[in-house]
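What follows is a single structure, written as structure tokens, with notes after it.
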Amino acid sequence: MTIISRQIMSAPDMQRSLDRIVLQILEQNNGVENLAVVGIHTGGVFLAERIKKIIADREGVNVPVGSLDITLYRDDWSLASQNPLVKKTDIKFAVEDYTIVLVDDVLFTGRTIRAALDAIMDFGRPRCIQLAVLIDRKCGRELPVQANYVGLEVLESIDEHIHVTLNEKEGKDDEVMLTWQAGKR
């Protein structure tokens, strides 16, 4: 079995996408007033921190940022493991006052986002929830979920996989790779 891979985003591509996403967030929300950013573990947390930094550099304001673990909110967690690895949820602000930009690295089936919405609601009812993703797979959606802000849309088959490498997580250069098994494309 031969695995073939192709880079679809480099580190500079990712940075440009995040810069564009931030500009769209600022435009859509008329600035940063009552804006907070929450990343979904694991990749979304690092991207949320990057978005916070870009906003701070552009606007001179540190918006609240949080992290969200959705492991026990997933509808398939018991299928994945009898002993799920639960990460830390860290939201130190009252969500009721905020427009929350929920951040994840890849939007695929929509199930992670559904679980994240349930988890956020346990903290209260935000003014609004918006979704920012680095990659929107567009193929394989199981739930009616659509991102407000997208770095790159990818129309690939179910047999192809997306792997997002983030420096903060893996200690390697940022990149997004598309992989597939030879003969399956």
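The values are calculated or read from the model by the stated rules, or taken from the named source; none is laboratory data. Given the structure is predicted, the values throughout are model-derived calculations rather than measurements. A quick note on method: Cβ atoms are made from the backbone with ideal geometry, for glycine too, and the neighbour counts reach across all protein chains shown.
Selection of the stretch 160-178 for residues being within 15 Å of the chain's Cα centre (by Cα), part of a helix (DSSP H, G or I) and under 17 Å from PRO12 (Cα atoms) yields only GLU168.
Residues in the stretch 157-177 that are surrounded by fewer than 18 Cβ atoms within 10 Å (Cβ to Cβ), within 13 Å of ARG6 (Cβ to Cβ) and in contact with a Lys or Arg (Cβ under 9 Å, 6 or more places away or on another chain): MET177 alone. A search for C-beta distances below 8 Å between a residue of the stretch 112-137 that is under 11 Å from VAL95 (Cβ atoms) and any residue that is modelled with pLDDT of 95 or more and among the hydroxyl-bearing types (Ser, Thr, Tyr), counting only pairs 6+ apart in sequence or on different chains, returns PRO126/TYR98; PRO126/THR99; ARG127/TYR98; ARG127/THR99; CYS128/THR99; ILE129/THR99. For the stretch 16-33, filtered to residues that are without any contact (Cβ under 8 Å) to a residue 40 or more places away in the chain and part of a helix (DSSP H, G or I), the residue that is surrounded by the fewest Cβ atoms within 10 Å (Cβ to Cβ) is GLU27. Return yes when GLY43 is small (Gly, Ala, Ser) and either closer than 28 Å to GLU160 by Cβ or surrounded by 14 or more Cβ atoms within 10 Å (Cβ to Cβ) (or both) and no when it is not. So GLY43 passes the test. Do the conditions hold for ALA147, that is, is it within 27 Å of GLU27 (Cα to Cα), outside any strand (DSSP E or B), within 13 Å of the chain's Cα centre (by Cα) and in contact (Cβ under 8 Å) with a residue 24 or more places away in the chain? For ALA147, the condition - within 27 Å of GLU27 (Cα to Cα), outside any strand (DSSP E or B), within 13 Å of the chain's Cα centre (by Cα) and in contact (Cβ under 8 Å) with a residue 24 or more places away in the chain - is met. For GLN130, the conditions (1) closer than 15 Å to ILE40 by Cα; (2) not in a strand (DSSP E or B) all hold with the exception of (2).
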